[in-house]
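What follows is one structure encoded as structure tokens, with my remarks underneath.
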Number of protein chains: 4
Amino acid sequence: MIIVLKPDVTKKQVAHIIERIKALGLKPVVSKGTERTIVGVIGSEDILRVQPLEVIPGVEKVMPVLKPYKLVSREFRPESSIVSVGSVKIGGKGVVVMAGPCSVENRQMLQETARAVKQAGAHILRGGAFKPRTSPYSFQGLGEEALKFLHEVSKQTGMPVVTELMDVRDTPLLEQYADIIQIGARNMQNFDLLKEVGQTKKAVLLKRGLSATITEFLLAAEYILNQGNFNVVLCERGIRTFDDQTRFTLDLNAVPVIKKLSHLPVIVDPSHGTGSWDYVGPMAKAAVAAGADGLMIEVHPNPEVALSDGPQSLLPKKFTALMKELRAVAKVVGRTL
Amino acid sequence: MIIVLKPDVTKKQVAHIIERIKALGLKPVVSKGTERTIVGVIGSEDILRVQPLEVIPGVEKVMPVLKPYKLVSREFRPESSIVSVGSVKIGGKGVVVMAGPCSVENRQMLQETARAVKQAGAHILRGGAFKPRTSPYSFQGLGEEALKFLHEVSKQTGMPVVTELMDVRDTPLLEQYADIIQIGARNMQNFDLLKEVGQTKKAVLLKRGLSATITEFLLAAEYILNQGNFNVVLCERGIRTFDDQTRFTLDLNAVPVIKKLSHLPVIVDPSHGTGSWDYVGPMAKAAVAAGADGLMIEVHPNPEVALSDGPQSLLPKKFTALMKELRAVAKVVGRTL
Amino acid sequence: MIIVLKPDVTKKQVAHIIERIKALGLKPVVSKGTERTIVGVIGSEDILRVQPLEVIPGVEKVMPVLKPYKLVSREFRPESSIVSVGSVKIGGKGVVVMAGPCSVENRQMLQETARAVKQAGAHILRGGAFKPRTSPYSFQGLGEEALKFLHEVSKQTGMPVVTELMDVRDTPLLEQYADIIQIGARNMQNFDLLKEVGQTKKAVLLKRGLSATITEFLLAAEYILNQGNFNVVLCERGIRTFDDQTRFTLDLNAVPVIKKLSHLPVIVDPSHGTGSWDYVGPMAKAAVAAGADGLMIEVHPNPEVALSDGPQSLLPKKFTALMKELRAVAKVVGRTL
Amino acid sequence: MIIVLKPDVTKKQVAHIIERIKALGLKPVVSKGTERTIVGVIGSEDILRVQPLEVIPGVEKVMPVLKPYKLVSREFRPESSIVSVGSVKIGGKGVVVMAGPCSVENRQMLQETARAVKQAGAHILRGGAFKPRTSPYSFQGLGEEALKFLHEVSKQTGMPVVTELMDVRDTPLLEQYADIIQIGARNMQNFDLLKEVGQTKKAVLLKRGLSATITEFLLAAEYILNQGNFNVVLCERGIRTFDDQTRFTLDLNAVPVIKKLSHLPVIVDPSHGTGSWDYVGPMAKAAVAAGADGLMIEVHPNPEVALSDGPQSLLPKKFTALMKELRAVAKVVGRTL
């Protein structure tokens, strides 16, 4: 921690600052520059992080030297983590594709979609049972019934299932029926939910919040690892910006940035990220080229009548064509699919 | 709902669109313009809202005519709502001030702060028991113990208490100890939590999400009203933008905008909104001048040792001085304080 | 300047870094902490600012200690600056109001508007001659003809004139006809234009760019002061955010923030900032309460037929009523109007 | 244009609105819905675009049906445009790479860099002569001297040159020495500069403004086409968001979005877009995978001593390795490089 003092700081104020630092068991190092005096603090930065040093008279600004997260960082674990779900490995050489409908609308459409995406080469089945909807008047999901359909279709097709958990009270249900528990963007900082899934042994797919910085995203993951669950997969799904041509702004920069800062696998959801099926293909290919460990793509047999997110869903035949293209891109960047 | 068709739409596509609208029990009105054909749809827009019309071939864009919320709108209730909490009325002529420490750290500091803010003229005591912290290594609040302190100090001072609910499972505790249940910015779209407080009879203080549009903010409130609880107070507390001089960008435009669109009371939190005690005064006065129904302000007897948000807390004597200034501003804009 | 080294930095890399700093005539101070080694640099930070230290092997990050601007800062000049335009003083006790039409459409409407705003108490006449319009198909302003009308009406009413300069080649024209040269938001980083007005002796009204941080805004002003012209007035006029209920997000936080960092006067433009006449009143009052030194408000005798920005223009009678309210707010915050 | 009327609109107000529309030579079509009356307007939307219909009493909102740009749109020209610069074709099957130093620092470094990038397969030489710098204390470029070096090195290597124009008065110089005139992000809405290059016959590289929506970006291009110059190449170079891990947020979504809306070629600048050399490779590959027509990449023989943007510049050998990878990605998406 570096403490920059104000140009007009008094001797008494400097003495008070030094005393405060010593009282915390840390060692202050005062250094006088041409225009400012600086106090470097030697010892654990964690102790200082919770102290509001900025309010001490004479302090101009406080600059942390270390990153605020630990367990998720590459410094903690230099090699990339692989999260295993059944026989699927996320974070290794293979690019993992999760596909399926936005919401599970009924058993038949789920079966139909699951067979189609499996046939096209998808590894994991996605489908929403509990749906976080902006409006209370929108379809809220079939709930437990959908979980049962997912479980059934998972057995039929051999694909593990990823589905979203919204309410801490539904955790046991998800543990029973799901292979990967998804935490949605709107719950990325629902800290009780993070702690809850941190106490399960399930793999967790953590989606980036709409306005979360990458540091906040990694700190949200830190909540899960800190509870003992290291099976976390991060998912970039679009951030909120001023542009209005896409539903969100899919931030592919997050892929190389997170790969540098963290050992956790990173996947990309171009369906929610763009909100429009005709941008899903280009952005999915771009994600793989940027180094993503996987993709999450919405597929619906008849988007015209989808109960949620129809505009961003691919028809099965378009998904099949896209998988071929993705395979080619994966290959030239040293991955398999 | 207005459906704009593509310039190269075919007759067959137009027929299909019309058929789809009629099948939903609505009346299509086709209108040929110079450059585009447009289909107006007469009947309830709600039916169409859940239909992904954009994916039907030949459709260029879909433009809703009505606002997506109802119960919170001024059209539904033209006169401004007043939310009563004990003898305090929020949304009337009086500007209501909620003040207290960010977190309840112990009984003594709470008592000391409560007496000071009461003395200065505050109406409601704020204090966090469950704290949503970006980092798992930060102080997470005293939990139920803090609720008991709040309840005790509330009785001693006669001030109702507002405190945050983070976990649906704690709702009964909050119903027991709090007068106003706060839903924090990070939980604004935690829809299960919204439904839960919608089923209580407690007043709810709903904070705007960091990246929530005003439409989304009102839809979050709609979730609560839709469950039967109309005692909702909205709170602007800063949005996320690119600027880095303040912790968030307090968006005072939200005050007149919400006042125009909704009948619900709107208050402003300049402490979280700016993150810096020396901006709290100017922005608090500005909020009252802009028409806010109240303020939420953090006060701490010794910000240097606060366990959370010290940099944005006012000392009791500064708060007392600010209250005088606020009273003068309230008066010239036709309010009392 | 503080240079934080990587945890795995080698001795050779440290030696190279120290050598580079010494070669620049500066003094490095190495300090080993528990988890990182840090190099403090003593001497002028300016020399380092242009050096890409981040790319030197072994460097993790570089943290500047000083602010990047000088002449505009309160450290350079602790007392607030007053910019005089004729008998009008901007930045003193009085709140200065600039009012008039968005564009000068013809002589008659300008005269009519000017008389009305003068009558209501405005101090300076605004009116666009050269208009920066998003679309090439929108009205681009009357150009020199408008400048002549402004000059004429200025003489008739005794109000100084502020109008926008867009093209460096028009500087002599503006010097002839205008009292304050406005640099618009879209040209805030048109550095040649800044240098050009920095070489005139005219007062300059510099509007904040749509996505300019306050640091960038102050650096843009620094370009003007650096050329010798210290008569600069800053104007907050709304930034670009995700919200869509107002045209821009008027950022009133900028007022106390700039007042703290700089000695230059700050005014607020609620007309462009909100884009809607019914939000102008509340936000104008809020701006004065927040400490603004002035306001810029659009007034049009018949907004229905305005050639630009009709929706955000006030009718003269509404402006007159607002001036009374503003006067009351100014008074209670220790200002005059 | 669709005009939605307020629920409480009076007959007199409706009559006034209809009269206003007829007076403009357009045909109003009134349609009464369940909750709102709507007025569709038949005839040229351009006439209405400049009219502030929102201010007419009784009007709730105005929704344009058509896009505000014409010449740049795919409707105007369905096939993709190819911009030819010497023998280089931008917008065809080949992915075009522009590479070179951020600033031209001296003849030797330019020659060295130019030879290296030519050798690696770059098509066009980039290099700044006039530099738009946030701070007046940063290196501002060598000006005309740099243009001469660029011209000389262009002849030696056979690569056309792209360099930035900042000041309308320098247009003749750029016409003499440059093959492509670049308009930088900060000047995207410097409308006089746009008109000026619109009157030349040179190819123009228009960079997207930091906070420009794609609609505004296309309207800026429209200014150039509208003056008769159709040789415009668009360049995505990062937008301003809240995230702080990259200098800007490179918005690759812009590539498929612009490809859908416009016939103009689109290239991507991952160097400025990310601000960090280690993200340039992944984002360059992603840009090609997303469908970009080209790339602009900064290369410097010794980034440690670069006078501008050192942190984002690639060493020649890294650039050479990247070109090989880009070639492979281009191939699998049906392009050549």
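Looking only at residues in segment C:8-17 that are away from chain D (no Cβ under 14 Å) and assigned to a helix (DSSP H, G or I), the one that is surrounded by the fewest Cβ atoms within 10 Å (Cβ to Cβ) is C:Lys11. (1) buried (at least 20 other Cβ atoms within 10 Å of the Cβ); (2) in contact with a strand residue (DSSP E or B) (Cβ under 8 Å, 6 or more places away or on another chain); (3) more than 14 Å from every other protein chain (Cβ to nearest Cβ): which one isn't true of A:Met109, the others all being true? Only one criterion is unmet by A:Met109, namely (2).
Of everything in segment B:146-177, what is closer than 16 Å to B:Cys102 by Cβ and more than 16 Å from the chain's Cα centre (by Cα)? Give them in sequence order. The answer is B:Ala146, B:Leu147, B:Phe149, B:Leu150, B:Val153, B:Val161.
To keep it simple, each residue is scored yes or no on (1) over 22 Å from B:Asp278 (Cβ atoms); (2) in contact with a helix residue (DSSP H, G or I) (Cβ under 9 Å, 6 or more places away or on another chain); (3) among the β-branched types (Val, Ile, Thr); (4) surrounded by 19 or more Cβ atoms within 10 Å (Cβ to Cβ).
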site: A:Lys22; (1), (2), (3), (4): yes, no, no, no
site: A:Ile47; (1), (2), (3), (4): yes, no, yes, no
site: A:Leu53; (1), (2), (3), (4): no, yes, no, yes
site: A:Pro57; (1), (2), (3), (4): no, yes, no, no
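When segment C:149-176 is filtered for residues that are under 22 Å from C:Arg115 (Cα atoms) and either touching a residue at least 60 places away in the same chain (Cβ under 8 Å) or surrounded by fewer than 20 Cβ atoms within 10 Å (Cβ to Cβ) (or both), the ones remaining, listed by number, are C:His151, C:Glu152, C:Lys155, C:Gln156, C:Thr157, C:Gly158, C:Pro160, C:Val162.
Do we find that C:Val280 is over 28 Å from A:Glu60 (Cβ atoms) and either among the small types (Gly, Ala, Ser) or modelled with pLDDT of 95 or more (or both) in this structure? The answer is yes for C:Val280. Out of curiosity, is C:Gly334 more than 7 Å from every other protein chain (Cβ to nearest Cβ) and either of a type in the set (Lys, Arg) or surrounded by fewer than 23 Cβ atoms within 10 Å (Cβ to Cβ) (or both)? The answer is yes for C:Gly334. Here the condition is being surrounded by 19 or more Cβ atoms within 10 Å (Cβ to Cβ), touching a residue at least 24 places away in the same chain (Cβ under 8 Å) and either under 24 Å from A:Leu210 (Cα atoms) or within 14 Å of chain B (Cβ to nearest Cβ) (or both); of A:Ala146, A:Ala129, it holds for A:Ala129 alone.
Selection within segment C:315-325: residues that are in contact (Cβ under 8 Å) with a residue 40 or more places away in the chain and either of a type in the set (A, V, I, L, M, F, W, C) or not in a helix (DSSP H, G or I) (or both). The member of this set that is farthest from B:Val332 (Cα to Cα) is C:Phe319. In segment D:246-253, the condition of being among the hydrophobic types (A, V, I, L, M, F, W, C), closer than 22 Å to D:Ala306 by Cα and surrounded by fewer than 24 Cβ atoms within 10 Å (Cβ to Cβ) is met by at least one residue.
Inspect all residues belonging to segment A:132-147 and state whether any of them is at pLDDT 95 or above and of a type in the set (Ser, Thr, Tyr). Checking segment A:132-147: not a single residue is at pLDDT 95 or above and of a type in the set (Ser, Thr, Tyr).
Hey, among the residues in segment C:296-337 that are of a type in the set (S, T, N, Q) and within 23 Å of the chain's Cα centre (by Cα), which one's farthest from D:Ile17 (Cα to Cα)? The residue in question is C:Thr336.
The strands (runs of 3 or more DSSP E) located wholly in segment D:23-114 that include 3 or more residues which are under 28 Å from the mean Cα position of the chain (by Cα) and more than 25 Å from B:Asp8 (Cβ to Cβ) occupy D:83-85, D:88-90, D:96-100. Out of all the residues in segment C:283-298, which are of a type outside the set (A, V, I, L, M, F, W, C) and either within 17 Å of C:Phe248 (Cα to Cα) or at the interface with chain B (Cβ under 7 Å from one of its Cβ atoms) (or both)? Within segment C:283-298, C:Lys285, C:Gly291, C:Glu298 qualify. Of the residues in segment B:245-261, none is touching a residue at least 60 places away in the same chain (Cβ under 8 Å), polar (S, T, N, Q) and not in a helix (DSSP H, G or I). If the condition is being in contact (Cβ under 8 Å) with a residue 40 or more places away in the chain and within 11 Å of chain B (Cβ to nearest Cβ), then segment A:210-244 contributes A:Thr215, A:Phe217, A:Leu218, A:Leu219, A:Ala221, A:Glu222, A:Leu225, A:Asn226.
For segment C:272-282, the set of residues classified as among the hydroxyl-bearing types (Ser, Thr, Tyr) and either more than 10 Å from chain D (Cβ to nearest Cβ) or within 19 Å of the chain's Cα centre (by Cα) (or both) consists of C:Thr274, C:Tyr279, listed by residue number.
Restricting A:Leu337, A:Leu218, A:Leu264 to residues that are in contact with a Gly (Cβ under 9 Å, 6 or more places away or on another chain) and closer than 29 Å to C:Phe242 by Cβ narrows the list to A:Leu264.
Within segment C:82-93, which residues are surrounded by fewer than 19 Cβ atoms within 10 Å (Cβ to Cβ) and either acidic (Asp, Glu) or out of contact with any Lys or Arg (no Cβ under 7 Å at 6 or more places or on another chain) (or both)? Listed by number, the residues that qualify are C:Ser84, C:Gly86, C:Ser87, C:Lys89, C:Gly92. Taking segment C:280-303 as the range and being buried (at least 24 other Cβ atoms within 10 Å of the Cβ) and in a helix (DSSP H, G or I) as the test, the residues that pass are C:Val280, C:Pro282, C:Met283, C:Ala284, C:Lys285, C:Ala286, C:Ala287, C:Val288, C:Ala289, C:Ala290.
When each of D:Asp309, D:Asp269 is tested for being in contact with an Asp or Glu (Cβ under 8 Å, 6 or more places away or on another chain) and within 13 Å of chain C (Cβ to nearest Cβ), the lone residue that passes is D:Asp309.
The values are calculated or read from the model by the stated rules, or taken from the named source; none is laboratory data. All values derive from a computational prediction rather than experimental measurement. Methodologically, a virtual Cβ is constructed for each residue, glycine included, from the backbone with ideal geometry; neighbour enumeration extends over all protein chains shown.
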